[in-house]
1. First check a/c for the stretch 88-159, with a ≥ b ≥ c the square roots of the eigenvalues of its C-alpha gyration tensor; if it is under 1.5, answer rounded, and if not, answer prolate when a/b is larger than b/c or oblate otherwise.
2. If a helix is a whole DSSP H run, which ones in the chain reach 30 Å or further along their own axis (Cα) and hold a mean Kyte-Doolittle hydropathy of at least 0.5?
3. Kindly report the accessible area of the chain per residue (heavy atoms of protein chains, probe 1.4 Å, no ligands, DNA or RNA), in Å².
4. Write down the Kirkwood hydrodynamic radius of the stretch 32-144, to one decimal in angstroms, obtained as one divided by the mean of 1/r over all alpha carbon pairs.
5. If I take every Cα pair under 8 Å that is 6 or more residues apart in the chain, average their sequence separation and divide by the length, what percent do I get for the relative contact order?
6. Can you bin the stretch 19-81 into rounded, prolate or oblate? Criterion: square roots of the alpha carbon gyration tensor eigenvalues sorted a ≥ b ≥ c, rounded for a/c under 1.5, prolate for a/b above b/c, oblate for the rest.
7. Just to check I understand the Karplus step: with θ = phi - 60° and J = 6.51 cos²θ - 1.76 cosθ + 1.60, what whole-Hz values come out for the stretch 172-180, glycine and proline as x?
8. Can you show me the helix-derived [θ] at 222 nm for the chain, built from DSSP H runs with n ≥ 4 at -39,500 (n - 2.57) apiece and divided by the number of residues, rounded to the nearest 500.
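The values are calculated or read from the model by the stated rules, or taken from the named source; none is laboratory data. None of the values given here were measured: they were computed from a predicted structure. Cβ atoms come from the backbone with ideal geometry, glycine included; neighbour counts cover every protein chain shown. We work out accessible area using only protein heavy atoms, side chains counted, and drop any ligands, DNA or RNA first. Shrake-Rupley method; radii C 1.70, N 1.55, O 1.52, S 1.80 Å.
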Amino acid sequence: MVSCATVCGASPDEVIRVGPVVDIIQSSADIDEGLAALLALDPRLNVIAQKAGPLPLRLSPPGFAGLAHIVVSQVVSRASADAIWRRMEHDVGEVTAHNYLAAKTAAEAPPFGLSRAKAKTLRGLATAVVEGKLNFDALSAMDEASAFSTLTSLSGIGPWTAQVYLMFCAGHADIFPSGDVALQAAVAQAFMMEARPTQKMLDEIALAWSPWRSVAARLFWAYYASMTRREVMPIA
């Protein structure tokens, strides 16, 4: 795991300080390190880890395509999301903000099979990037709170979308999307709770797993998948 307090990709002569040091997950070795730390922090997780099996890294490059893919994934089914994304790649080519805005199908009518709301969100994101209002390199180097605030200030980007992007594209190590229903169900099942914890309750529970909450989330998604025999980790 690396720590970043500068804009990623900047040369030594172009270092831009943006705030507190941010721990970034980059490899499976980082996941292994985080899991070992979690098991030491909370021994209850040992049994859960045994049932969960190997934890996936699942990182996508930071940028417009990664965030757009997460937005697209929030449709009725994964099959529908995959079909929409394939159509987008076919028509747009490399999914960049500039290419998205240049595509003839990115007009007022919802393109690629997207809902009107999601099409509006993607067009707004692409416009923000092109106009310099959203910089993904700077976002990756921000502390979690600042990055989260920046993303959720954008129209159509809610807390879950922002957290999933920061986990699986920016690589932030200490994020737990407590509003995720599968995570709520997984924690309830693992700890034999009578009902799913609320988002607030799960936030409080997850504090014990800092600074590796992103690995804890992967652990509980993997555990729940092993119990239900279905994929529940977000697409990124």
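1. It is prolate, given that a/c is not under 1.5 and a/b is the larger ratio.
2. Both cut-offs are met by no helix.
3. 48
4. The answer is 16.4 Å.
5. Averaging sequence separation for qualifying contacts and normalising by length gives 26 percent for the chain.
6. The shape class here is oblate.
7. Calculated HN-Hα couplings, in order: 4, 8, 10, 10, 9, x, 5, x, 6 Hz.
8. Helix-only estimate at 222 nm: -16000 deg cm²/dmol.
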